[in-house]
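Asks: Before I ask anything, here is the structure I am working with.
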Amino acid sequence: MSGTSLDGIDAAVVEIDGHGLTMRARLRGHASTELGTARTTLRSLARGGQATAHEVATACDALSRQTASIMQTVIGDAVPDLAAVHGQTIVHVAPLSWQLINASVIAATLRCPVASDMRAGDLASGGHGAPITPLADWILFRSSANRAIVNLGGFCNITWLPSDTVEGVTGRDVCVCNQLLDAAARMTLGTPFDLDGQHAAQGTPDPTLVASLGSALKHSPTERSLGSGDESFTWLEQTCTKDTEPHVLLASITAAIGEHIGEAAAAAGAADIVVAGGGAHHAPLVAAIEAASELPLMLSSDLGIPIEAREAACIAILAALDQDDVPITIPGVTGRNPDHPIGMQWCRPLS
């Protein structure tokens, strides 16, 4: 998995027992790596920049080889039954969505069937193609109590898991997250991101900035998935001047995002919250979510799924569900036609 934060590639090895929605999954290993030489082109494309066909093809090849390499590293000498790759999202404005990757490179490296282009079937069936992880979250995190799974990626999405039945699983994109925090760090600190929220922790939130961004987040669309154009970059550019103190700005963004996510997580009757994704390293953000939700909060790592591995593990589980002919998305979540589910694409080596 390489997410919209463009901060690296995460790989997970998952052992699966059982069939369909009753399966159980156990993490056997995980690893991460940089995006490598493709990063500059990918970031430009994700921001709406122009590139030649040769530049796009070169970035795709580099990304695919880097992805195959980390997958080979984490699987070692074992031969997997299947592999799954999400690809790098460079545009998502449903029904248009492009996850750049060449699954053939991965199939040639791992010598097993490889699933990819996971959102396309949902989009073709009239859905928004996101969020796609709720059913995988059910496999990984279901419990005897209602639970909210909060993914702090480039955007935040939440899965709400009922205690009794998979039929009640729901989820949605909530608001921008790491995309805005990282952009603010690049703009004010000259660093790719605010490591662990250290600079945000040194600042005191400005009530005016918190209220301004909070108002913008409250107007984030809830009837569709979030993607290109929803990053709140305009707010940042209009707000951040040469006189804006970096620690104050980062603390204010953290407070506004944390409050919005915490309130959303608690609104569906959850008894506790499980946080995962790169933003889970951001201690002030996690604290703000817990304070706003007034619910017990734990990291996915506390449940055996490291925060860096949750999304990659979900991608593997979705491929296993697809192999079992289980539609991977939920009509009530993505809006797809419930009568015409379409599976993902598979690339398989010929014996």
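Coordinate-derived values only; no laboratory data. Predicted model, so just to flag it, every value in this text is computed and none were measured. Cβ placement follows ideal geometry from the backbone for every residue including glycine, while neighbour counts extend to all protein chains displayed.
Asks: Report the charge-dipole magnitude of the chain in Debye, nearest 20, computed about the Cα centre from +1 at each Lys and Arg Cβ and -1 at each Asp and Glu Cβ.
Replies: My answer is approximately 580 debye.
Asks: Express in % the proportion of alpha carbon pairs of region 34-159 at distances exceeding 20 Å.
Replies: Values: 4338 of 7875 pairs.
The share of Cα pairs beyond 20 Å in region 34-159 comes to 55 percent.
Asks: Now for a different question. For the residues F155, F233, F193, what sequence is obtained by ranking on other C-beta atoms within 10 Å, fewest first?
Replies: Arranged by neighbour count, lowest to highest, F155, F233, F193 become F233, F193, F155.
Asks: Further question on the same structure: Using Cα pairs closer than 8 Å and at least 6 residues apart in sequence, work out the relative contact order for region 134-303, in percent.
Replies: Result for region 134-303 is 28 percent.
Asks: Would you list E263, E294 from fewest to most Cβ contacts within 10 Å?
Replies: Working: E263 16, E294 10.
Starting with the residue having the fewest Cβ neighbours, the order is E294, E263.
Asks: So, with +1 on the Cβ of K and R and -1 on the Cβ of D and E, and no other charges, what is the size of the charge dipole of region 162-221 about its Cα centre, to the nearest 20 debye?
Replies: With only Lys, Arg, Asp and Glu charged at Cβ, the dipole is about 240 debye.
Asks: Report the rotationally averaged projected area of region 268-345 based on its alpha-carbon convex hull, in square nanometres.
Replies: Approximately 6.8 nm², given one-decimal rounding.
Asks: Please give the length that would be gained between F233 and D81 if that part of the chain were fully extended, namely 0.36 nm times their separation in residues minus their C-alpha to C-alpha distance (nm, one decimal).
Replies: 50.5 nm
Asks: Could you tell me the relative contact order of the chain? Use alpha-carbon pairs under 8 Å, at least six residues apart, and round to a whole percent.
Replies: Normalised by residue count, the contact order of the chain is 22 percent.
Asks: Still on this structure, please answer the following. Using the Cα atoms of the chain, I'd like the radius of gyration and the largest Cα-Cα distance, Dmax, both in angstrom.
Replies: Rg, Dmax (Cα atoms, Å): 19.4, 63.
Asks: Further question on the same structure: When you count, for each residue, the other Cβ atoms within 10 Å and take the mean per peptide, how do 178-184, 49-55, 304-310 rank with the highest first?
Replies: 178-184, 304-310, 49-55
Asks: For the chain, what is the calculated [θ] at 222 nm in deg cm²/dmol (nearest 500), taking -39500 (n - 2.57) for each run of four or more DSSP H residues and dividing by its residue count?
Replies: Per the formula, -11500 deg cm²/dmol.
Asks: Taking the beta-carbon count within 10 Å as an exposure proxy, list R43, R172 from fewest neighbours to most.
Replies: R43, R172
Asks: Taking K and R as +1 and D and E as -1, what net charge do the other residues with C-beta under 12 Å from the C-beta of A292 add up to?
Replies: Working: positive: none; negative: E259, E263, E290, E294.
Net of charged neighbours comes to -4.
Asks: Once Lys and Arg get +1 and Asp and Glu get -1 on their Cβ, which of A280, F233, S300 lies farthest toward the positive end of the dipole of region 134-303?
Replies: Toward the positive end, the furthest listed residue is F233.
Asks: Quick one, can you get me the convex hull of the C-alpha atoms of region 134-303 expressed as volume per residue in Å³?
Replies: Convex hull of Cα atoms, per residue: 106 Å³.
Asks: On to the next question. Return, in residue-number order, each cysteine of the chain whose C-beta is not under 4.7 Å from any other cysteine's C-beta.
Replies: By the Cβ distance rule, which asks for a partner under 4.7 Å, the isolated cysteines are C60, C112, C175, C240, C314, C347.
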